[in-house]
Protein chains: 2
Amino acid sequence: MRRNVIVGQSGGPTAAINSSLAGVYRTAKDRGANKVYGMLHGVQGLLQERYLDLSEYITTELDAELLKRTPAAFLGSCRYKLPEIHEDRAVYEKIFGILDKLDIEAFIYIGGNDSMDTIKKLSDYAIVTGHPTRFIGCPKTIDNDLALTDHTPGYGSAAKYIGTSVKEIIRDSFCLEYSKGLVSIVEIMGRNAGWLTGAAALSKGEDCEGPDLIYLPELPFDLQSFSAKVKELLSQKPSVVVAVSEGIRTEDGTYVCELGNSVDFVDAFGHKQLSGTASYLANFIAGEIGCKTRAIELSTLQRSASHAASRVDILEAYQVGGAAVKAADEGDSGKMVVLQRLSDDPYQCGTEVKDVHKIANDEKLVPREWVNAEGTGVTDEFVAYVRPLIQGDVSPVMVDGIPRHLFRPYNL
Amino acid sequence: MRRNVIVGQSGGPTAAINSSLAGVYRTAKDRGANKVYGMLHGVQGLLQERYLDLSEYITTELDAELLKRTPAAFLGSCRYKLPEIHEDRAVYEKIFGILDKLDIEAFIYIGGNDSMDTIKKLSDYAIVTGHPTRFIGCPKTIDNDLALTDHTPGYGSAAKYIGTSVKEIIRDSFCLEYSKGLVSIVEIMGRNAGWLTGAAALSKGEDCEGPDLIYLPELPFDLQSFSAKVKELLSQKPSVVVAVSEGIRTEDGTYVCELGNSVDFVDAFGHKQLSGTASYLANFIAGEIGCKTRAIELSTLQRSASHAASRVDILEAYQVGGAAVKAADEGDSGKMVVLQRLSDDPYQCGTEVKDVHKIANDEKLVPREWVNAEGTGVTDEFVAYVRPLIQGDVSPVMVDGIPRHLFRPYNL
């Protein structure tokens with residue numbers, strides 16, 4: 001590389017997205033890039049000419065290590081969808097004008113489905129106009145729902161956190177005894193794809209039975225059969241733990257989290273409150289069975305818990321960042337780096353590049369055969385697929401008892 | 001010791017309560033105890049003659065290490081308050097009958113305020129009846145609200161988890177930009193005492209501003225001044241993070257979490273839903289300001305996150321377990337082990353025993369001078385007090401990517 005590289009982060013935060021950023025920076029520098037710019041808040045920030053020079057923040061090897069361990073998008077993120085080229089050519093002209101001004105040779109975008117749409121459109125525009133900048137996507141999403149890649153960086157760390165936390169919740173749930181038992185509902189992210197919710201099964205082992213029921217969003221959810229199953233379980237054990245996706249829907253497509261709003265609960269200002277899936281189900285079960293219930297949302301913690309990240313995930317995120325720069329340097333454009341699993345045991349995984357047109361806006365769901373017949377749990381195949389992705393730890397750099405992150409002022 | 005020891009766990013689970021159990025077991029065995037029994041689900045289980053022989057579970061040094069790293073009460077817990085002696089003497093006769101049958105020399109109870117009430121009553125009964133069994137309390141509570149002890153085992157690990165998680169939440173909150181800003185409300189345990197909520201300030205450091213506002217339950221909470229402060233903060237920064245205790249109350253003593261129920265939100269079965277403090281405030285702020293809001297409950301995770309435990313806490317928990325047995329062996333009864341801080345820097349802490357009558361049913365709150373004048377944050381003195389308690393880590397024993405715990409079947 002002789003000229004400059006620009007890199008951006010887009011979509012929801014993860015524990016591994018900054019490791020990809022560190023990988024992009026390192027490989028770009030190693031391959032001779034002059035400057036490595038970071039877009040602030042992705043393409044949306046770039047359009048406002050907000051960017052920084054990464055070498056001002058990654059000044060030492062220690063900074064790079066801290067960056068790998070820093071959760072959430074270091075550069076800031078956005079949820080911005082580029083217009084179609086024929087709809088608003090001015091936006092494209094503006095972006096390419098900025099790229100020319102910054103003398104950009106390679107544009108790397110770290111993100112999920114929507115972000116790959118950005119890579120697709122920008123690379124298409126470059127081809128049409130004969131512009132030399134190359135556009136490469138770098139996969140990132142805790143949801144693990146990207147097509148053509150074995151899995152996505154960010155997923156392994158979220159899965160490890162979910163497996164660990166659900167195991168701790170199960171332990172906690174057996175402490176106190178309640179006359180009619182205790183039902184704990186754990187709500188996990190993933191509106192359409194059940195990869196994260198299924199990861200609750202990782203808690204199962206010689207020392208833990210795992211969750212009793214797991215409901216993925218891929219299958220319709222039936223309140224009555226759910227209640228019947230919980231009742232049956234409570235006749236066998238004092239504590240029942242259920243993992244549910246935030247996106248479970250009834251047969252007619254209604255989100256379970258919307259059912260709670262059939263009774264209008266509005267605050268003093270007339271705003272409707274959306275109660276969560278777990279809290280709806282906890283109330284439902286309390287009403288049906290009269291037992292003690294508990295609703296636990298893993299919330300944003302599951303995507304930002306760098307303190308419990310998976311080593312495999314952080315290293316692969318770093319690897320795909322480097323592979324994205326390499327692909328651009330070797331002349332590729334309009335491609336996304338994918339992870340290709342070479343073997344399960346021992347686990348081996350390499351990278352390739354695939355046409356981004358086949359990835360953008362697509363969604364990879366959990367295959368039906370990886371869910372049990374009743375739709376209340378995942379199979380051993382599911383667990384065997386995820387298990388290698390949660391191996392190993394990344395020791396946080398602890399300063400005075402708390403993990404240290406790489407600092408960036410928010411007001412840039 | 002020549003005869004047997006029995007140990008029980010009582011009240012809410014913590015990440016360190018099993019380390020105290022390991023300490024009790026080790027010291028009892030080292031001092032010559034014949035058998036070390038564990039009550040299942042505390043005194044409530046003991047009354048049903050449910051107990052186990054701990055040496056059947058702690059068979060190796062590795063088992064002891066796993067036990068120290070296992071969250072929540074290994075023996076099961078209870079929230080059982082003994083009647084006054086004059087109210088129901090039969091209960092006492094039953095307990096002492098079981099103790100005689102098991103040839104118990106020392107009775108150790110690991111718990112908080114309510115559990116110390118049990119130690120007080122049982123030791124009083126023993127004195128009155130001339131019974132030789134000795135009763136010693138071993139402090140445990142994430143709430144840190146026990147009198148006469150510098151702090152309580154369990155608190156340090158919860159504080160470390162809260163500081164770490166709040167820091168990750170703050171990082172996450174700056175990723176995406178919202179036109180009117182983002183307000184994240186983090187709800188933390190501690191109904192009356194603000195020790196846990198104040199620990200959110202541990203997230204502050206060179207790389208993080210910490211939460212913008214912290215509200216402890218010790219001071220009355222005013223919705224309008226809260227809203228005004230958030231508005232002011234949003235004019236300066238895009239993301240505002242607020243830590244609130246689950247127990248904050250308005251001037252007239254109403255819990256904030258109850259305000260949401262002024263509008264009757266009942267499920268299909270007529271059960272009133274108690275929405276949480278964070279979700280009420282998130283809706284309130286959304287209504288007042290129109291910004292994006294997020295409610296995050298740290299929930300049971302904050303008390304059971306052994307994967308992120310504090311080394312100081314786990315070691316001190318082990319130490320107080322041993323000290324409880326030593327005290328009983330040396331003839332003490334009706335006492336609780338307390339931690340006495342000898343110096344802050346370097347941090348040094350020893351154990352003593354104090355009369356349980358001065359501890360039971362009392363509650364140690366955060367002193368007013370450790371909260372800032374406006375009541376929106378804790379002082380440097382608060383942080384200096386907590387900081388030593390979160391130092392160091394306890395590496396989980398990882399098996400296939402997930403922490404291993406010591407196993408006990410729940411159906412004993």
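Structure notes:
- Magnitude of the charge dipole, the protein assembly as shown, Cβ model with Lys/Arg +1 and Asp/Glu -1, debye to 20: 780 debye
- With θ taken as phi - 60° and the Karplus curve 6.51 cos²θ - 1.76 cosθ + 1.60 applied, the whole-hertz 3J(HN,Hα) list for segment B:393-408 is 10, 10, 4, x, 7, 8, 10, 6, x, 10, x, 8, 10, 7, 8, 9 Hz, x standing for glycine and proline.
- Here the Karplus curve 6.51 cos²θ - 1.76 cosθ + 1.60, taken at θ = phi - 60°, turns the phi angles of segment A:6-22 into couplings of 10, 10, x, 10, 9, x, x, x, 9, 7, 10, 4, 7, 5, 5, 4, 4 Hz, with x standing for Gly and Pro.
- Prolate/oblate/rounded label for segment A:156-304 (Cα gyration tensor, a/c 1.5): oblate
- Around the Cα centre of segment B:158-304, unit charges on the Cβ atoms of Lys, Arg, Asp and Glu (plus for the first two, minus for the last two) sum to a dipole of about 240 debye.
- Beta bridges by DSSP in the protein assembly as shown, antiparallel share as percent, to the nearest 5: 35 percent
- Relative contact order for segment B:158-304, counting Cα pairs under 8 Å that sit 6 or more residues apart, in percent: 32 percent
- Normalised contact order of chain B, rounded percent, pairs of Cα under 8 Å and 6 or more residues apart: 23 percent
- Aspartates and glutamates whose Cα lies under 20 Å from that of residue A:358, excluding same-chain neighbours fewer than 8 positions away: A:84, A:114, A:117, A:124, A:143, A:145, A:150, A:332
- Cα-Cα over 22 Å, subset of B:68/B:326; A:160/A:229; A:94/B:237; B:35/B:354; B:101/B:121; B:180/B:229: A:160/A:229; A:94/B:237; B:35/B:354
- Mean-position separation - Cα centroids, segment B:177-224 and segment A:218-250, in angstrom: 34 Å
- As a proxy for reagent exposure, ranking A:116, B:189 by other Cβ atoms within 10 Å from fewest up yields B:189, A:116.
- Bridge type composition, chain B - antiparallel percent by DSSP, nearest 5: 35 percent
- Computed label-point distance, nm, for sites residue A:35 and residue A:252 using a 7 Å Cα→Cβ extension: 5.8 nm
- Peptide A:290-303 - average C-beta neighbours from other chains (10 Å radius): 4
- Degrees, to the nearest 10: A:113-129 long Cα axis against longest axis of chain A: 20 degrees
- Ascending count of other beta-carbon atoms within 10 Å, so fewest first, for A:164, B:277, A:250: A:250, A:164, B:277
- Across the identical copies, the label point of residue B:83 (7 Å from Cα in the Cβ direction) is separated from its matches by 8.0 nm, in order from shortest.
- Helical content of chain B, expressed as a calculated mean residue ellipticity at 222 nm, amounts to -10000 deg cm²/dmol (DSSP H runs of 4 or more residues, -39,500 (n - 2.57) each, divided by residue number, nearest 500).
- To the nearest ten degrees, helix B:155-173 and the longest principal axis of the Cα atoms of chain B are 20 degrees apart.
- Of the GluC sites (Glu not before Pro) found in segment A:57-138, those that fall in a DSSP loop while having at most 15 other beta-carbon atoms within 10 Å are A:84, A:87.
- For residue B:293, the residues 5 or more places off, or on other chains, whose built amide H falls under 5 Å of its own are B:183.
- Nearest-ten-degree value, helix A:311-329 long axis tilted from longest Cα axis of chain A: 30 degrees
- Exposure proxy shown here: for A:104, B:359, B:108, the number of other Cβ atoms within 10 Å sets the order, fewest to most, as A:104, B:359, B:108.
- Antiparallel DSSP beta bridges within segment B:16-154, as percent of all bridges there, nearest 5: 35 percent
- Short-range pairs are left out: with C-alpha atoms under 8 Å and at least six residues apart, the relative contact order of segment A:33-154 is 19 percent.
- Leading residue at positive end of dipole, the protein assembly as shown (Cβ point charges), from B:239, A:323, B:195: A:323
- Choice from B:307, B:357, B:131 with maximal GNM fluctuation in chain B (Cα, 10 Å cutoff): B:131
- Here's how it looks for residue A:110: its modeled amide H is under 5 Å from those of A:8, A:9, A:10, A:138, which are all 5 or more places away or on a different chain.
- Copy-to-copy label separations for residue A:367, where each label sits 7 Å from Cα toward Cβ, in nm and ascending: 6.5
- In this label model, residue A:100 and residue A:343 are separated by 5.2 nm, measuring between points 7 Å along each Cα→Cβ vector.
- Max mean-square fluctuation residue, GNM over chain A, Cα-Cα springs under 10 Å, options A:140, A:292, A:167: A:292
- Distances between placed amide hydrogens fall under 5 Å for residue B:371 paired with B:379, all partners being 5 or more residues away or on another chain.
- Under the convention that each Lys and Arg Cβ holds +1 and each Asp and Glu Cβ holds -1, the size of the dipole of chain A around its Cα centre is about 860 debye.
Quick note: the coordinates plus some simple rules give every number you see, no bench work behind them. This structure is a prediction, so every number in the text was calculated from the model and none was measured. Glycine gets a Cβ as well: all are built from the backbone with ideal geometry, and neighbour counts include every protein chain shown.
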